[in-house]
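What follows is calculated from the coordinates using simple rules that are stated; it is not laboratory data. Since this is a predicted model, take the numbers as computed values, not measurements. Positions of Cβ are generated from backbone atoms using ideal geometry, with glycine treated the same way; all protein chains shown enter the neighbour counts.
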Amino acid sequence: SRGAAERRGVAAPINCRVCGRTLAAAAEQKLGRCATCPADYDEALLESLRTWRASAAKEAKVPVYVVFTDVTLQAIAERAPVTERDLLSITGIGRVKMDRYGEAVLDLCRAAADRTEDA
C-alpha cells in the first residue's frame with residue numbers, strides 16, 4: 001500500500017547537501033543547501049552562465065529570468081552538471097528548458113570542469 005504523501009503527490013523532503021537539515025524555502029530547495037551553509041561554486045562558471053543567459057535572453061527577446069533565474073544559475077554553478085541527467089536533476093530545469101538551453105549550459109559546465117582539471 002502506498003503512503004498518504006505518495007498518493008497526494010507530495011514530494012519527499014529535500015535535505016541540505018552540506019548540513020543535512022530539511023529545506024523549507026523554495027530557493028534553498030533549488031540550491032540544495034541552506035541559505036546559511038557555505039556556497040561552493042566556480043565564480044568563473046557563474047559569470048560565464050550569466051553572460052550566456054544575457055545573450056540567450058536578448059536573442060529570444062525575453063527578460064533574463066525567463067531563461068533561468070539567478071537562483072537556478074547559482075544552482076547550476078554549484079553542481080556543475082556535465083550530463084543531461086545531472087542538469088535535469090536541478091529544480092526548475094525540466095524537459096523544455098533542457099531542450100532549449102541544455103546543450104549550451106552543459107558545454108559551459110564541461111569547459112569549466114576542463115579548466116579546473118588543467119589548473
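Remark on N15: its backbone amide H falls under 5 Å from those of L23, a criterion applied only to residues 5 or more positions apart or on other chains, H modelled at 1.01 Å from N. Taking the average, over residues, of other Cβ atoms within 10 Å as the packing measure, peptides 71-80, 14-23 rank 71-80, 14-23 from highest down. With the Kirkwood sum run over all distinct C-alpha pairs, the chain has a hydrodynamic radius of 15.4 Å.
Note down the nm distance, to one decimal, between modelled labels 7 Å out along Cα→Cβ at A57 and at T116. In this crude label model, A57 to T116 measures out at 2.5 nm.
Give the relative contact order (percent, whole number) for the chain; include only Cα pairs under 8 Å separated by 6+ residues.
It rounds to 21 percent for the chain.
Segment R17..D40, full-extension length gain: 7.2 nm, with 0.36 nm per residue of separation and the alpha-carbon distance subtracted. Give me the net charge of K61's neighbourhood, meaning all other residues with Cβ under 15 Å from the Cβ of K61; Lys, Arg count +1, Asp, Glu -1. Overall, the nearby charge balance is +2.
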